[in-house]
1. Return the residues of region 168-186 that are among the aliphatic types (A, V, I, L, M) and in contact with a strand residue (DSSP E or B) (Cβ under 6 Å, 6 or more places away or on another chain); say none if nothing qualifies.
2. Quick check: is even one residue across region 115-125 part of a helix (DSSP H, G or I), in contact (Cβ under 8 Å) with a residue 12 or more places away in the chain and surrounded by 12 or more Cβ atoms within 10 Å (Cβ to Cβ)?
3. For region 306-314, does any single residue satisfy the condition of being at pLDDT 90 or above, in contact with a Pro (Cβ under 7 Å, 6 or more places away or on another chain) and on the phi < 0 side of the Ramachandran plot?
4. How many of the residues in region 1-18 are open to solvent by less than 60 Å² (accessible area, probe 1.4 Å) and modelled with pLDDT under 75?
5. From (1) part of a helix (DSSP H, G or I); (2) of a type outside the set (Val, Ile, Thr); (3) closer than 18 Å to residue 189 by Cβ, pick out the condition that doesn't hold for residue 86.
6. Out of all the residues in region 302-319, which are among the acidic types (Asp, Glu), outside any strand (DSSP E or B) and within 23 Å of residue 257 (Cβ to Cβ)?
7. Within region 260-300, track down each residue that is over 26 Å from the mean Cα position of the chain (by Cα) and touching a residue at least 24 places away in the same chain (Cβ under 8 Å).
8. Would you check which residues across region 301-316 are surrounded by 13 or more Cβ atoms within 10 Å (Cβ to Cβ) and within 16 Å of residue 283 (Cβ to Cβ) and list them?
Amino acid sequence: MNIGDKVRLLRAKEQGVVSRFLPGDMIEIEIEDGFRIPVMRSEIVPVSPLEAERLLKTNTYAPQKPAASASSSAILSNQGIYLAFLPVNDREYTLHLINNTDWEFAYALGEESAAPAGGVQFRGVHSGLLKPKSQQKMNDLYTHATFENWPTFVVQGLWFRAGKSSLRPPLVKRFKARASTFFKNKVTVPVLSQPGFQTQLDAEAESTAPAPAGTRPQPAGAVPQRPSARPTTIRPDELKAEMLKAKTDLGALSVEKPSSVVDLHVEALLPNGPGNRTPSDLLTVQLHHFEKNLENAIASGMNDITFIHGVGSGALKTEIHRRLGQHPNVRFFEDAQKQKFGYGATKVTIK
């Protein structure tokens, strides 16, 4: 089961699409009108293409509803853009771009790598249009032996659906494969239904499902969709370039050097208490503080930084490790000072 897959509830009439995986074997699904509800994984089943086709044929004989009414209750899969690597043999992998959404996705794929004379050079690889629930295989092969030299993959894309829909911002995503996370789990790649390794490119993109305006009562346990609260981060390479330029012009750019040990506990970040913030809001605050200090540590030239995240449910640690595994300026990370923090801290070594 992947982000963007259509599912239905076993004990209710609702059906929707997978929007997020939650801790504790829970899955968040988006039903009609943009409502999102958490359910147990055991309480939902995927809707296969064959089943959907049969349901469509069955509904053909039912009294027809006006087209406007049908479109207003349609459940769209708004997320599910993946880069997937499928093994050809024990040495080589093919690269695929996968669209597991209900949108058309016009894309451009390229690679960034170190230039011989310094800096970064870009190479265009492929461009095209991916129809909903489709994929495109790229021509290049990537070998296991040269894994550490794989480039940073850059995907740029535009969304399209015929008719009336909300305007979606373009997708621009960079991905650098890290050995610590890349080979950790082999999954069944969506659309292709073959085993491989994948990364979701639009995991943090803002969903464009329409927000309810009092037109429908909220189901029990439903969470109305809200814009992503993740802050805009400053690219480390841009900061470093500005800092080098500022050597001849003091005061041109000032980056606050963080402490070598950063405490992410809620009581340390919010001394006045969490107030009415939900657990999701608190996690957003912690991740914001984590990213801000990590980027400042990189930009100020620090060699390493330690984040104290605690043990708890493991959600904060898992998300931090996921982001570190994809960060182009992180050399490696590990559990820090076990005798002092147990498994509640992570030390990050910066390139």
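1. First, pick out the residues of region 168-186 that are among the aliphatic types (A, V, I, L, M): 171-172, 177, 179.
Those that are among the aliphatic types (A, V, I, L, M) and in contact with a strand residue (DSSP E or B) (Cβ under 6 Å, 6 or more places away or on another chain): 171, 172.
2. no
3. The answer is no; no qualifying residue exists.
4. Residues of region 1-18 open to solvent by less than 60 Å² (accessible area, probe 1.4 Å): 2-5, 7, 9, 12, 16-18.
Going one step further and asking which of them are modelled with pLDDT under 75, we end up with 12.
Matching residues across region 1-18 total 1.
5. The one condition residue 86 does not meet is (1).
6. none
7. 260, 261, 300 - these are the residues of region 260-300 that are over 26 Å from the mean Cα position of the chain (by Cα) and touching a residue at least 24 places away in the same chain (Cβ under 8 Å).
8. Residues of region 301-316 surrounded by 13 or more Cβ atoms within 10 Å (Cβ to Cβ): 302, 304-310, 314-316.
Answer for region 301-316, where residues must be surrounded by 13 or more Cβ atoms within 10 Å (Cβ to Cβ) and within 16 Å of residue 283 (Cβ to Cβ): 307, 308, 309, 310, 314, 315, 316.
The values are calculated or read from the model by the stated rules, or taken from the named source; none is laboratory data. Not measured: the values here are computed from a predicted model. Because the Cβ atoms are built from the backbone with ideal geometry, glycine has one as well, and the counts that use them run over all protein chains shown. In case anyone asks, the SASA skips ligands and DNA or RNA and just uses the protein heavy atoms, side chains included. Shrake-Rupley method; radii C 1.70, N 1.55, O 1.52, S 1.80 Å.
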